[in-house]
Amino acid sequence: MTNKHIKNNMSNNDIIRQYRIKKLHKIKNKKNAYPNDFKINITSKMLYKYFIKKKQDKDATIYHLAGRIINLRIMGKATFIQIKDESNMMQIYFTQNSLLNISYKECIEQIDLGDIIGVTGTVFTTKTGVLSIYCQKFFLLTKTLRQLPNKYHGLNNQETKYRKRYLDLIVNKDSQKLFITRSKIIAYIRNFMHKMNFIEVETPMMQNIPGGANARPFITHHNTYNINMYLRISPELYLKRLIIGGFNKVFEINKNFRNEGISTQHNPEFTMMELYIAYADYKDLIILLEKLFKDTYYNIFHTKNIKYGKYVFDLNKPFKILTMKEAIMLYCPNITLTILNNILELKKIMHEFQLHIPDYYSLGEIIFILFEEKVIHKLIAPTFVTEYPVAISPLARSNDINNDISDRFEFFMCGMEIANGFSELNDPQEQQKRFIKQKTIYEHNNNCAVIDNDYIEALEYGLPPTAGLGIGIDRLIMLFTNSPSIRDVILFPALRPTNKN
């Protein structure tokens, strides 16, 4: 195959890459193409703030600034470059006679869009009012071999955004802003918890028994002990051990892992905050969660109107509170309380809805399936749903008046579950009965289940009256940033492997 044929079979990107590789080799023959001795003393954002405050057109101070070239205009004997650093963008200007450490010709021959450069110079404002660096020294810090997307203001392909998040961050200012906002939200939540005198803790990510939630775990193997271990599905049972140990308020912000489906609301690796308070109940958690939600949003976004999709919510208004049965009757008008209290009538309704349920399901389990399938997606306004059936709440305390329901709630908004909280079951004998029943159900469905006897033993030493809450941080950030998919708010979401992988 001739060179001409090879070139014809190469894509435009391949041609550009080969061209840049040749450039790189020329640079390497003269000097280090990837130096690590340039130090910045300012950022673009700092420069803008400084000069707006000073209200002057130029400054004799020597500044050292670095960033990635996102625009390049070579105009004969003068060149304009726009660079992007973490904080903002800045125009760089130099001429045939301004550079002191490199010739103008050599500089122009080296650089391409996407290269990372360092510049040293003074600041001035152009006739058109653009703040700029008058470059006196120019340093190529990183030679890039691949070109950026044609439209440096964004990527059009959503899949590419997720797979090549680094490119998305380079070219999409909104994406970078979103993840900075994510960091601020988590930092605010952490600070909120510290001010409420919670102790931040860390519990095992690998566990001998996956407990604290009804979910399929990821399995791994510990070579030294020659045992299977599990990436945690929840930190709950370990956090409650700490309450038994004497802490009154604990919380953890960390990852959970569930080997289940992927959707706009689900990623197998996700961030949760779990907190536990001794001598509190689920009603205290409702108050705490509403305050945390409203305070965080207001202090990050400085408004009490939260927008998600086509909906706008006024955070000055109190959040709704409905029992599960009230929610079902509200959004399924043909279903009455009489039907919800009669398992035979309810099974007829489920059949009409074409919702297939196992024959052995209890009344509480059927009510929950109905709620899950027909109601959750209709819970648009911020809503606490209470009185969950005990049958699907194995770790929650039963209500004193009605033992069929638990002192539990979940918080919903825009059809998404955001948080789950309840008064904790602290009766070790009752907890063991529920674990045994849960194990039987799991085995009936061909799922592996192991009773955590160590947790039962810990309960026998005495768990004080306690309330616990788990908050899905990723979904919360989806709401706060008006993001339609959980993948938009996770830097590196789980994706199906490509052929390249």
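Things to note:
- Test result for GLU326, at pLDDT below 95, open to solvent by 80 Å² or more (accessible area, probe 1.4 Å) and not hydroxyl-bearing (Ser, Thr, Tyr): no
- Figure legend. Inter-residue proximity from the range 10-25: first residues within 13 Å of GLU109 (Cα to Cα) and in contact (Cβ under 8 Å) with a residue 40 or more places away in the chain, second residues open to solvent by less than 60 Å² (accessible area, probe 1.4 Å) and small (Gly, Ala, Ser), beta-carbon distance below 7 Å, spacing 6+ or different chains. Indicated pairs: LEU24/ALA33.
- Residue match in the range 402-415 (condition: under 24 Å from the mean Cα position of the chain (by Cα) and assigned to a loop (DSSP other than H, G, I, E, B)): yes
- The set of residues in the range 42-99 being among the hydrophobic types (A, V, I, L, M, F, W, C), surrounded by fewer than 15 Cβ atoms within 10 Å (Cβ to Cβ) and free of Cβ contacts under 8 Å to residues at least 40 places away in the same chain consists of ILE52, ILE74, MET75, ALA78.
- Condition met for ASP14 (at pLDDT below 95, of a type outside the set (A, V, I, L, M), more than 22 Å from LEU140 (Cβ to Cβ) and assigned to a helix (DSSP H, G or I)): yes
- Every condition in (1) within 32 Å of the chain's Cα centre (by Cα); (2) of a type outside the set (Val, Ile, Thr); (3) modelled with pLDDT under 95 is met by PHE384 except one, and the failing one is (3).
- A count restricted to the range 124-135 and to residues that are within 16 Å of GLY67 (Cα to Cα) and more than 38 Å from the chain's Cα centre (by Cα) stands at 2.
- Scan of the range 394-426 for residues that are in contact (Cβ under 8 Å) with a residue 24 or more places away in the chain and either over 25 Å from LEU289 (Cβ atoms) or open to solvent by 60 Å² or more (accessible area, probe 1.4 Å) (or both), ordered by number: ARG397, ASP404, GLU417
- Any hit, the range 1-11, residues being at pLDDT 90 or above and not charged (D, E, K, R): no
- Filter result for the condition that a residue is more than 35 Å from the chain's Cα centre (by Cα) and charged (D, E, K, R), over GLU106, GLU159, GLU86: GLU106
- Checked against the criterion of being open to solvent by less than 60 Å² (accessible area, probe 1.4 Å), in contact with a Leu (Cβ under 6 Å, 6 or more places away or on another chain) and over 30 Å from ILE490 (Cα atoms), the candidates VAL119, VAL123, VAL130 yield just one match: VAL119.
- Among the residues here, VAL250 qualifies as in contact (Cβ under 8 Å) with a residue 24 or more places away in the chain, out of contact with any Gly (no Cβ under 9 Å at 6 or more places or on another chain) and either outside any helix (DSSP H, G or I) or loosely packed, with under 13 Cβ neighbours inside 10 Å (or both).
The values are calculated or read from the model by the stated rules, or taken from the named source; none is laboratory data. Computed from a predicted structure; not experimentally measured. Please note: Cβ atoms are built from the backbone with ideal geometry, for glycine as well, and neighbour counts cover all protein chains shown. Surface areas here come from the heavy atoms of the whole protein model, side chains and all, with no ligands, DNA or RNA. Shrake-Rupley method; radii C 1.70, N 1.55, O 1.52, S 1.80 Å.
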